[in-house]
Structure formats: structure tokens, C-alpha cells
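For reference, the structure is listed below as C-alpha cells.
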Amino acid sequence: MEPILANKKLKIKKPNARNMVENVLEQFNSAADSIKLHPSIRKILSITNNEIIVHFPVKMDNGDVEIFTGYRVQHNNALGPYKGGLRYHPTVDIDAARALAMWMTWKTSLAGLPYGGGKGGIQLDPSLYSQSELERITRRFTYALGDNIGPEYDIPAPDVNTSAQTMAWIADTYMSAKPQTQRSMNQHVVTGKPVGSGGLEGRDRATGYGVFLTIKFWAEKNKVNLKGKTFIVQGFGNVGYWAALFLEKEGAKLTAVQDAFGSIKNANGIGVDSLFNYMQSNKGSIVGYNDATEMDNKDFFGTQCDILIPAALGNQITEKNAADIKAVLIAEGANGPTNVEGEKILLKKGVTIIPDILCNSGGVIASYFEWLQNRNGELWQLEEVILKLEKKMKESFMKVYDYSKTKKLDFRTAAYCMAILRIEKAYIQRGIFP
Ligand code: GLU
């Protein structure tokens, strides 16, 4: 069903979300061929379990009522409750949610977590709404989802344009709808909450730190010294910022950045925190930063560099720009940034891609820690979180690395194989009900 466009503010640029589903299915099928996946399990995993679409009214600051459309797609829960983020963006629709939910299934499986995959969000441009409007939109969306989410059933988390604050509103709304005596046992209905409200120390940086760690592990394996290496980042949100900060600490140099407003470059290096502070004082935009020059968006991917970190939206690296890319390593901070055609060109050129389901899995791994912390009534310290995260990321990286070498596969196919094999095993052990 096409979403009903009741929200007047929304100007939809039709996203290539259809391609995202095709893309994830093509990636899945080539790995499924490689492991000779059981045909029945291929059928099950090719389709989503549940798809929820809700339309809900919200009163705006000026008294008008607007109708919003929200989505939650639950792809698979063979390994545990559905898990994955909620994003607020004009490109959110049922196809985008489907593709992103599938990626979550592979991601949680590969990370060895007891979770399945889900994803959702609201189709809106959050920059057009006040903070109090966003709060009411979030609370009403949570209410509309009702028990389609739940701490042991489907656990959302932050994603594009949603934050710890968004999660706090969701948790509070969900918990308020439960009897007083059950409030605290529902706190883990979402992860990525603020530290004071059941959130995990370090969850904020976990995705970006994980991106950095996979780059570091790759460098160690290939005897590459990251000191002095140049890198460029697409998207300077939570993932892009933290990944850049940790790389800078390691001695690498950020030489170009692109965000939703434009692209900037400086071959001598851009200070990560200095750019971040500028962006915060500039309505969230990097454009106009004084220690860099502006560049055309279309030239961004062709910038001379050693490492490219796409940390924005899906479908950014395609057959149209893959040949221009100079980086030898691409670390996918975003979900689905590289399409299948783009990847073929890159692999032919000898570029290494650390795939999204491995590269950005630090976020959901930290989410799992937060969930455990809430469930057990514990409070973990930052050092403990970081150590546990490093251990898990290293295990995943090594698993993929070794499998790709033994089977002579690219990293993405290897990562998919590992993820799918674990789900296949669970189905074979349990059988199909009835
Ligand atoms: N949105 C993040 C992702 O795409 C985190 C999901 C989670 O923590 O559940 O991996």
C-alpha cells in the first residue's frame, strides 16, 4: 500500500528504497548460494515476518493537527526478539524498513547476539518540527505501536535522526501504559536511552567506536600503520563523528566531510572536535567551516584518501561513482551504503569493504549490553563496556576475516555466510511449527 500523504509539510523525494530491498536480497542470495542454504530456510528469510504501518494524529504547536505515518517491520526472530532502530527521515517507507530490518537480522546473528532483526521509523523531516512537537509525535507513535514492541518481543533503538532523548520518550510512554507494578520490568523496551534513565555508559559512541575498531583490526592484519593515513567521512552524525574522532586519536587525518547540507575539504586535515563544535553552533550543518574549502557534492567520493567511511544513508556508492573512489578501504558506518553494482566495480579495483553488518555492529552490541543491564538491574561502568565491546567486535571481525580467507570470499559475502549459517542451524535444530 502506498502511504497516505496526509502530512502537508512532507515533500517526498522518492527514495531508491525499492533498490535497497533488491540490494539486500541479492547480497543474501549470493551468500545463500555459497553455503547451499536449505531451500525452505531461504524462503523464510527472503520475506519479513510482520509489517506494521500506523497513521496517527498529532497536535502541532499552532493548534493544527497533522497525520503521520510510522512503520515497524519485523523480519525474523529465530534467534530472539526483534531488534533494530527507528529512524525519522523523509525516505522512511515500507520498502526501506523491510531492507533495513533484514540487515538487522544478519547483523545481530553475525554478532552472536540472542536477537532477530527489525527496523522502522516515521516518514518525516524532523528539522521542520519543534522539540515539543517531536516529543508528541514520538509519544503518539509509541502509543500507536502498542504491544507490537516490547522488552522481550521487539526492542527499538536510535537510528538516523533519533537520539537518546527519543528513546527516553518511547520508554516513558510505553512504561506509563503498563500497571505501576510492572513499570521497571519494561524499561528495556528500547535501548540507547540516556545514561540517567537506564542507558548504558558508552552507548553514544559505540557504533562509531566499532567502526574505528574494524578499521584498526584490518590495519593490524595488513600491517598498515594508521598514523598519517587520510580518511573522508560522509555523514557527520553520531556514527561519523565518533569514528572520525577515534581515527584522529590514532593519528589519521580527516581530509573531507559531506553532510546533508554540503561537502568540505582540507588536505592538511580537519580537526574533528573543532568541526563538531562549529556544526552544533551552525544548526547542525558543516557548511561554512572556516578551516576548509567547500567542494561540489558530486566530487566528494573522488577525493584522494586512504579510507572512506560512508556514515549517512543507504545507496550512496553505486555504479555511478564507484569508479571515482580513491580509497583502498571502505568502512560502512551506514546501513546499505554500497549497492551491488557499485560493489562489483570496487572489488574489481581491489578495494576492501568492511560491510555494514560487521562494521557498524558496535551499536547493537552495546544495545545488547544495555538490555542485559536493565534486565539484571545492574549499572555497568564505561571501562567495562568498552572492554566487552572490543572483545565482541574482535571475535566477529576475526570470524569474518578467517572465513573470507579460507573460502576466498569478499568480506561481505563471508559476513553474510556466517550470519545465515547461525540462523539455519537454529531452524534445523527446532524445525518448523507445527
Ligand atoms: N540503529 C542501529 C543499527 O542500525 C542500532 C540498532 C540497535 O541498537 O538495536 O544497527
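Values quoted throughout were computed directly from the atomic coordinates according to the rules given, and no laboratory measurement underlies them. Treat the numbers as computed from the prediction; the structure is a model and nothing was measured. Don't worry about glycine lacking a Cβ; one is built from the backbone with ideal geometry, like all the others, and counts go over all protein chains shown.
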Computed about the Cα centre, the charge dipole of the chain from +1 Lys/Arg and -1 Asp/Glu charges at the Cβ has a magnitude in debye, to the nearest 20, of 1000
Trypsin sites (Lys or Arg not before Pro) within the stretch 346-395: DSSP coil, no more than 16 neighbouring Cβ in 10 Å
none
At ASN282 and GLN381, where each label point lies 7 Å from the Cα along Cα→Cβ, what is the point-to-point distance in nanometres?
3.9
Could you give each residue of the stretch 402-417 its phi-based ³J(HN,Hα) in whole Hz, using Karplus coefficients 6.51, -1.76, 1.60 with θ = phi - 60°, and x for Gly or Pro?
5, 5, 5, 6, 5, 8, 6, 10, 5, 4, 5, 4, 4, 5, 4, 4
Footprinting proxy, SER163, SER396: sorted fewest to most Cβ within 10 Å, the residues are SER163, SER396
Rounded to the nearest 5, what % of the DSSP beta bridges within the chain are antiparallel ones?
50
Once phi for every residue in the stretch 103-111 is put through the Karplus expression 6.51 cos²θ - 1.76 cosθ + 1.60 (θ = phi - 60°), the whole-Hz ³J(HN,Hα) values, with Gly and Pro written as x, are 4, 5, 4, 5, 5, 5, 5, 4, 6
Starting from the exponent 0.38 and prefactor 2.2 Å, build the expected Rg for the stretch 197-312 from its residue count and divide its actual Cα Rg by it.
1.04
I'd like the distance between the alpha-carbon centres of the stretch 128-194 and the stretch 384-421, rounded to an integer number of Å.
32
Neighbouring Cβ atoms within 10 Å as the yardstick, rank ILE47, ILE264, ILE35 fewest first.
ILE47, ILE35, ILE264
I need ARG203, ARG139, ARG430 ordered by Cβ neighbour count within 10 Å, fewest first.
ARG430, ARG139, ARG203
Could you derive backbone 3J(HN,Hα) for the stretch 283-295 from the dihedral phi with the Karplus parameters 6.51, -1.76 and 1.60 (θ = phi - 60°), listing whole Hz in sequence and x where the residue is Gly or Pro?
6, x, 10, 8, 5, x, 4, 6, 9, 7, 10, 6, 10
Alpha-carbon centroid distance for the pair the stretch 237-256 / the stretch 87-124, whole angstrom
25
What shape does the chain take by its C-alpha gyration tensor, where a ≥ b ≥ c are the square roots of the eigenvalues and a/c under 1.5 counts as rounded, a/b above b/c as prolate, and the rest as oblate?
rounded
